[in-house]
Amino acid sequence: MIPARLDSSRLPGKLMMDLNGKSVILTTLENTIKTKLFEEVYVVTDSKVIYDHLKQFHENVLISKKKHISGSDRIAEFAQNMEVDIVVNIQGDEPFVNKKSLKNLIDVFTHDKNKTIDLASLMEEIKDQSYIENPNLVKVIVDSNSYAIYFSRSVIPYNRSDEKITYHKHIGVYAFRKNALIEFTNSKPTELEKIEKLEQLRYIEKGKSIKMVLTDFSSIGIDTISDLEKARKYDVKD
């Protein structure tokens, strides 16, 4: 499921902006379908503009009946009435999805025989200091078993020593057990979530386990005009 909100505080209307002849959201949709990993692919939007645009190309486009504060809430509105076990949330503003990374994400649940993992997400190592310090990039720190400890737009962990630190960028792709997603949408925003404006912190504050999967795929999330310009020059690889 691809949540698609038209309004954006940093780059309003970004999902309808041109990306080499197609809108950003249509590119995300088509690249997701091309992976052939999913039984069904849905776009869930709050926008009649996006709805009308995508309906020309794809049948499974849904328009929210409620206002939502997060992408998880938006997809949960419809997922709760679907006969599914796992729901994968692919951000509408990250158009260059990668089949290998998505398969590794789904495999987390295939191997989780005891169903102890509530959700899984992707992370990528970052080395460029300007990226590490960029508040538009969400960072994640994990424990020794690759479970998320914390997410932040700030530099985490903060380096007060001469130790070599590995920094990870969080890539906004999630796979949920349906019950974890529904529990999320039925709960209220938590303090850290409201402070950082990061919905994934609600899962941690509620005691949910988030398994992070390392990928070497360099995604481009479109939050600024410079991101969009970079995406237009992007060399897509599977």
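Only the coordinates and a few stated rules stand behind these numbers; no lab work does. Quantities reported herein were computed from a predicted structural model and do not represent experimental measurements. Positions of Cβ are backbone-derived with ideal geometry, glycine not excepted, and every protein chain shown enters the neighbour counts.
Given the rule -39500 (n - 2.57) for each run of at least 4 DSSP H residues, summed and divided by the residues of the chain, what is its mean residue ellipticity at 222 nm, to the nearest 500 deg cm²/dmol?
Taken over the chain, the calculation gives -8000 deg cm²/dmol.
Would you please give the residues with an amide H less than 5 Å from that of Leu122, counting only those at least 5 places away or on a separate chain, with H modeled from the backbone geometry?
The list, which skips near neighbours in sequence, is Ile171, Val173, Val213.
Suppose every Lys and Arg Cβ carries +1 and every Asp and Glu Cβ carries -1, with no other charges. What dipole size does the chain come out with about its Cα centre, to the nearest 20 debye?
Working: 36 positive and 36 negative charges, 44 e Å.
Result for the chain is approximately 200 debye, rounded to the nearest 20.
Using Cα springs under 10 Å in a Gaussian network model of the chain, which residue among Ser144, Ser187, Ser70 shows the largest mean-square fluctuation?
So, out of Ser144, Ser187, Ser70, the one fluctuating most is Ser144.
With the dipole of the stretch 119-231 worked out from charges on the C-beta (+1 for Lys and Arg, -1 for Asp and Glu) around the Cα centre, which of Tyr131, Ser161, Gly172 lies farthest toward the positive end?
Going by the Cα projections, it comes out as Gly172.
Looking at the chain, identify the longest residue range that excludes and avoids all GluC sites (Glu not before Pro) in DSSP loops having at most 15 other Cβ atoms within 10 Å.
So the longest stretch without any such site is 164-238.
Evaluate the stretch 1-93: find the radius of gyration of its Cα atoms, find its Kirkwood radius, and give the ratio Rg to Rh.
0.93
Explain nothing, just compute: Karplus ³J(HN,Hα) = 6.51 cos²θ - 1.76 cosθ + 1.60, θ = phi - 60°, for every residue of the stretch 158-173 in order, whole Hz, x for Gly and Pro.
Per residue, the Karplus-derived 3J(HN,Hα) values read 7, 8, 10, 9, 9, 5, 6, 10, 9, 9, 10, 8, 7, 9, x, 10 Hz.
What whole-number volume per residue, in cubic angstrom, does the convex hull of the C-alpha atoms of the chain give?
Working: hull volume 31.3 nm³, N = 238.
It is 131 Å³ per residue.
Step by step: find N for the stretch 37-88, compute 2.2 N^0.38 Å, then divide the Cα radius of gyration by it. What's the final number?
In units of the globular-protein estimate, the stretch 37-88 measures up at 1.14.
Taking only Cα atoms and a 10 Å spring cutoff, compute GNM fluctuations for the chain and point out the largest among Asp162, Asp112, Asp93.
Asp162
Restricting to Cα pairs below 8 Å that are 6+ residues apart, what does the relative contact order work out to for the chain? Please round to a whole percent.
Averaging sequence separation for qualifying contacts and normalising by length gives 23 percent for the chain.
If amide H atoms are built 1.01 Å from N in the plane of the peptide, which residues on other chains or at least 5 residues away come under 5 Å of the amide H of Leu62?
Under 5 Å from the amide H of Leu62: Val43, Val44, Thr45.
For each of Ser218, Ser121, count neighbouring Cβ atoms within 10 Å of the residue's Cβ, then give the residues from fewest to most.
Final ranking by Cβ density, sparse to dense: Ser218, Ser121.
Can you quote the Å³ per residue value for the convex hull of the Cα atoms in the stretch 39-171, rounded to an integer?
On the way: hull volume 20.9 nm³, N = 133.
Cα convex hull per residue, to the nearest whole number: 157 Å³.
Over the stretch 1-93, what is the relative contact order in whole percent, taking alpha-carbon pairs under 8 Å and six or more residues apart?
39
Within a 10 angstrom radius of the beta carbon, how do Tyr51, Tyr167, Tyr203 rank from fewest other beta carbons to most?
The order, fewest Cβ neighbours first, is Tyr51, Tyr167, Tyr203.
Hey, what do the phi angles of the stretch 180-193 turn into as Karplus ³J(HN,Hα) couplings, whole Hz, using 6.51/-1.76/1.60 and θ = phi - 60°, x for Gly and Pro?
These are the phi-based 3J(HN,Hα) values: 5, 5, 5, 4, 4, 6, 8, 9, 8, x, 9, 4, 5, 4 Hz.
Under a cut-off of 25 Å between alpha-carbon atoms, report the lysines in cross-link reach of Lys67, not counting same-chain residues fewer than 8 places apart.
Correct list for Lys67: Lys14, Lys48, Lys55, Lys178, Lys188, Lys194, Lys197, Lys206, Lys208.
So what J values fall out for the stretch 136-151 if you push phi through Karplus, 6.51 cos²θ - 1.76 cosθ + 1.60 with θ = phi - 60°, rounded to Hz, Gly and Pro as x?
6, 9, 7, 9, 9, 10, 10, 8, 5, 9, 6, 8, 5, 9, 7, 10
What's the exposure ranking of Tyr147, Tyr158, Tyr42, going from fewest to most Cβ atoms within 10 Å?
Fewest-to-most ranking of Tyr147, Tyr158, Tyr42: Tyr158, Tyr147, Tyr42.
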